[in-house]
Number of protein chains: 2
Amino acid sequence: MDYFTGVRQKRALEISELLKQAKTGQRVKVNGAVHTIRDMGTVAFVILRKREGLLQGVYEEGVADFRLKDIREAAAVEIEGVLVENEKAPNGIELRMEKVRILSEPTDEMLPLAIGKWKLNTSLEAKLNYRSIALRNLRERAKFRIQEGLVRSFRDFLYGQGFTEIHTPKIGAKGAEGGANIFKLDYFHRPAVLAQSPQFYKQMMVGVFDRVFETAPVFRAEKHNTKRHLNEYTSLDFEMGYIDGFEDIMAMETGYLQYAMEMLERDYENELRLLKITLPDVTRIPAVKFSEIKELVSRKYGHQMRNPFDLEPEEESLISRYAKEEWGSDFIFVTHYPSKKRPFYAMDDPEDTRYTLSFDLLFRGMEITTGGQRIHDYRMLTKKLEARGMTEEGMEQYLDTFRHGMPPHGGLGIGLERLTMKLVGEDNVRETTLFPRDLSRLEP
Amino acid sequence: MDYFTGVRQKRALEISELLKQAKTGQRVKVNGAVHTIRDMGTVAFVILRKREGLLQGVYEEGVADFRLKDIREAAAVEIEGVLVENEKAPNGIELRMEKVRILSEPTDEMLPLAIGKWKLNTSLEAKLNYRSIALRNLRERAKFRIQEGLVRSFRDFLYGQGFTEIHTPKIGAKGAEGGANIFKLDYFHRPAVLAQSPQFYKQMMVGVFDRVFETAPVFRAEKHNTKRHLNEYTSLDFEMGYIDGFEDIMAMETGYLQYAMEMLERDYENELRLLKITLPDVTRIPAVKFSEIKELVSRKYGHQMRNPFDLEPEEESLISRYAKEEWGSDFIFVTHYPSKKRPFYAMDDPEDTRYTLSFDLLFRGMEITTGGQRIHDYRMLTKKLEARGMTEEGMEQYLDTFRHGMPPHGGLGIGLERLTMKLVGEDNVRETTLFPRDLSRLEP
């Protein structure tokens, strides 16, 4: 019988430990993947890839007690050597290699992609086919560290604002938004669907916790193969009760974005530098009514409006351009969407019921959030259902919740992959999805 | 055009703000749900349910400018009044009510459950049927705050240990564990499955980030209707590279549990008190070999072993009893499970290949974690697949990853609902699942 008493201290050091604890001239142990080897004849550089970045190993015959050909690119190794300063090396340090221990060897001679290069010069298709290899490229993997920062700050910020985290089921009897884009499955001989959003659940939980959030996958059987659509994505959702108006939700999202940018600047500095990202200014975000901004954009850019009830991708792009030119903002809230394009639970504007107390947030030309106030009155909710010719079937428990009192509330959903995409400057959402699912892609 | 500049300060105060900022005699505004009303004749107590607990409102005719019958149980209200101390009231404060604003009214006269009672005396069935109402009971909702603490501390701890958070797809072409318990769906006329675990993906990502974790739903089409099985649950998964042995994984999990208990004690004090929870001691967790503990338990309790390759629920219970009696521990690692009961990617023990370098963690009689070291060598992996008569089909990209080098690694998966259940002292996992999915339950 053994006892476990907590995390084991490792003798092999990480880069931040080398920079903090180790001194020049000290003998240290590090491990990592052999990223690249550059043989210069009398000396060779063996670059290790570690989770915090690259570490340069210097190989010299006579100093090292092994042969250079003993180590191969893509091997996992542990190296013992002497730490020295070198301002030309990554992080200003390098390791004079003395001993090596091979932890694991590749069986293939060649990697399918040249991951050691600064930029992975290959097609998106190839990157996705060899996803687990492509992401070993430093810049490719950095995008997903940024993504971590965005979801991590979302949760941290909301914990601090009194929100409770919830986990709602992804298999259910009926979809929240209705419509055709629902994946169906057989659930022990009963028809079931995959959740398009946690909408109903988070609303029900407002009656319990006042403020709730969830960060989880959602599923949409969209038949669009575009640069902005995914069939499975991570949705950052929150819902809050006791709001004074739907402005509270936009204010909360602004607070989140401010918090996120601060966290990225502080904790993801390396990745920002690697990707040459300049974070957007989120001190203030302009908000304009749907009908108003359509008009403004159409006038300024001579754009012909086709659909008066929704925004086309081209219009989203023009609206963002307008916000940047007129108000210097990368973000813009578009408010008061037409009621007929919003789901039944959206609260109509009492001043003009053709519109809703709702909004989208556009970021650099693309919608990344949809949100708004919801109906909290049972009678108003069932009346709107009826007016739309919808059935209450499958929504009984959701609707029942409103019979027993619900505070005024609203919330939003943010598409994590889109937010990441726009932040890191990509133009295809697959670039910022670890393993994207689209019409043709179900693997890896 | 408006500008949003961040979170809006609310005039209505939360309980912690009342306790910190407000003074006795001060006029304040609060909102909340009317939890219960106790009319004593000359005076009435209107208990508000807020996210941080209960607040006692005192209604006296003449003091208040409204009639008591204007407010109903389950309504959402905003109350203005004078704050006074009262050591008998929750949190030692109460509000002399002066004005009320009704934010929202229930349409039904009666709640289906007596949520205002200390303990919700009703069947599990009723609680699940009226889930959004049942959870308004303070003790019911407290369980899910504890659950939040468990998942929140999991992430926080792992961020601190250099792990990267990942989001892997839940729809795929093939299940990770194989077997019959896979939900199938139609993905644009192609057969697809729901993920039983993020196993393959987190392993692939070890080659990228060294250490990764995910907290996400997994799906198992188990045909068991037991107290411990769910068809959808939240799995806390991590996977770490450059391990010196599978002991590193148990050490990391021990570290997590220590961190989690500290966070619960610090940040979830109210909920622990409400549920009368005594947190388990996790200073040290014993670890015993599978074959050894089977023997010890059989000898001590005169238990007849039936299945030499697996643990029956009764044995799990006896092993936990043994760990408590002999080593004073609520947790016990059972290590070196037989190879034939572990998946193909489990690393066999080089000293005795009938067993694996794997473990389960039992907590108060139940398995809550399965983990272990994985095979990182391509040839060893394909050989084991072959020996089991399995095909490589659908696993090409997973297997290819190993051709291009992978460090020694391992990881684990923790069932969040089970961990919560055992911590809060429930004996049915549905009690600690927000909206459980089982053989018969697909709603709400």
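The values are calculated or read from the model by the stated rules, or taken from the named source; none is laboratory data. Fair warning: this is a prediction, and the values are worked out from it, not measured in the lab. Every residue, glycine as well, gets a Cβ built from its backbone with ideal geometry; the counts of neighbours run over all protein chains shown. To get the accessible areas, we keep the full protein, side chains included, count just its heavy atoms, and leave off ligands, DNA and RNA. Shrake-Rupley method; radii C 1.70, N 1.55, O 1.52, S 1.80 Å.
General observations
- Among the trypsin sites (Lys or Arg not before Pro) in the range B:112-207, those placed in a DSSP loop whose Cβ has at most 11 other Cβ atoms within 10 Å are B:Lys119.
- Working note: Cα gyration tensor of the range B:381-440, eigenvalues times five, square-rooted, sorted largest first, giving semi-axes of 37, 16, 11 Å.
- Fully extended contour minus Cα-Cα distance, from B:Glu269 to B:Glu85, at 0.36 nm per residue: 64.0 nm
- Label-point distances for B:Asp352 to the equivalent site in the other copies, using a point 7 angstrom along Cα→C-beta, read 7.9 nm when ranked shortest first.
- Accessible area per residue for the protein assembly as shown, computed on protein heavy atoms with a 1.4 Å probe, is 40 Å².
- Qualifying trypsin sites (Lys or Arg not before Pro) in the range A:223-304, where qualification requires a DSSP coil assignment and no more than 11 other C-beta atoms within 10 Å, comprise A:Lys223, A:Lys276.
- For the range A:371-379, Karplus couplings with θ = phi - 60° (6.51, -1.76, 1.60), whole Hz, Gly/Pro x: x, x, 7, 10, 6, 10, 9, 4, 5
- Förster-model FRET efficiency, 25 Å R0, B:Glu312 and B:Glu222, C-beta, rounded to 0.05: 0.95
- Kirkwood-Stokes translational diffusion coefficient of the range A:236-358, alpha-carbon pairs, 10 °C, 1.306 mPa s, µm²/s: 97 µm²/s
- Each stretch of four or more DSSP H residues adds -39500 (n - 2.57); spread over every residue of chain B, this sum gives -9000 deg cm²/dmol at 222 nm.
- Other copies of A:Gly328: label-to-label distances in nm, shortest first, labels 7 Å along the beta-carbon direction: 6.5
- Amide H partners (placed H, <5 Å) of B:Lys289, local residues excluded: B:Thr335
- The Cα-based radius of gyration and maximum Cα-Cα distance (Dmax) for the range B:278-338 are 11.5, 35 Å.
- Projected over all directions and averaged, the alpha-carbon convex hull of chain B occupies 28.3 nm².
- Between B:Tyr187 and B:Ala192, the built amide H atoms are under 5 Å apart, and every one of these is 5 or more places off in sequence or on another chain.
- When chains B and A come together, the accessible area they lose, probed at 1.4 Å and totalled over both chains, is close to 10900 Å².
- Between helix B:138-160 and chain B: long-axis angle, C-alpha atoms, 0 to 90°, nearest 10: 50 degrees
- GNM top mover of B:Glu87, B:Glu325, B:Glu316 - chain B, alpha-carbon springs below 10 Å: B:Glu87
- Distance in nm between pseudo-label sites at B:Gln26 and A:Glu326 (7 Å out along the Cβ direction from Cα): 4.2 nm
- Whole-percent carbon and sulfur share, accessible surface of the protein assembly as shown, 1.4 Å: 46 percent
- At q = 0.11, 0.12, 0.14 Å⁻¹ the log10 of I(q)/I(0) for the range B:137-295 amounts to -0.59, -0.71, -0.94, computed by Debye summation with a single uniform scatterer per C-alpha, solvent ignored.
- Each copy carries a label point for B:Glu295 at 7 Å from Cα along the beta-carbon vector; from one copy to the others these points are 8.6 nm apart, nearest first.
- Shielding of A:403-413 by partner chains, average beta-carbon count, 10 Å: 6
- Phi-based couplings in Hz for the range A:16-30 (Karplus 6.51, -1.76, 1.60; Gly and Pro marked x): 5, 6, 4, 5, 8, 8, 7, 10, 4, x, 7, 7, 10, 10, 9
- The stretch between B:Phe45 and B:Lys300, if pulled fully straight at 0.36 nm per residue, gains 86.1 nm over its current Cα-Cα span.
- Among the trypsin sites (Lys or Arg not before Pro) within the range A:1-85, those in coil by DSSP and having at most 10 neighbouring Cβ atoms inside 10 Å are A:Lys23, A:Arg67.
- Neighbouring partner chain Cβ atoms per residue of B:153-160, average, 10 Å criterion: 2
- As a ratio to 2.2 N^0.38 Å, the alpha-carbon radius of gyration computed for the protein assembly as shown takes the value 0.99.
- The per residue volume of the convex hull around the alpha-carbon atoms of the range B:110-168 is 107 Å³.
- Per the rotation superposing chains B and A, the chain B residue found at the smallest beta carbon distance from the axis is B:Leu185, 2, distance in Å.
- Binning the alpha carbon pair distances of the range A:180-249 at 10 angstrom intervals from zero yields the distribution 18, 37, 30, 14, 1, expressed in whole percent.
- Gaussian network model of chain B, Cα within-10 Å springs - most flexible of B:Glu392, B:Glu222, B:Glu367: B:Glu392
- Potential lengthening of the chain between B:Gln9 and B:Ser440 amounts to 150.6 nm, from the contour at 0.36 nm per residue minus the alpha-carbon distance.
- Distances between placed amide hydrogens fall under 5 Å for B:Glu165 paired with B:Phe213, all partners being 5 or more residues away or on another chain.
- Contact residues in the range A:423-444 by the 20 Å² criterion (accessible area, 1.4 Å probe, full protein complex versus chain alone): A:Leu434, A:Phe435, A:Arg437, A:Leu439, A:Leu442, A:Glu443, A:Pro444.
- Expressed as a fraction of 2.2 N^0.38 Å, the value expected for a compact globular protein of N residues, the C-alpha radius of gyration of the range B:35-125 is 1.12.
- The simple spin-label model puts a point 7 Å past each Cα toward its Cβ; for A:Phe66 and B:Met380 those points are separated by 1.7 nm.
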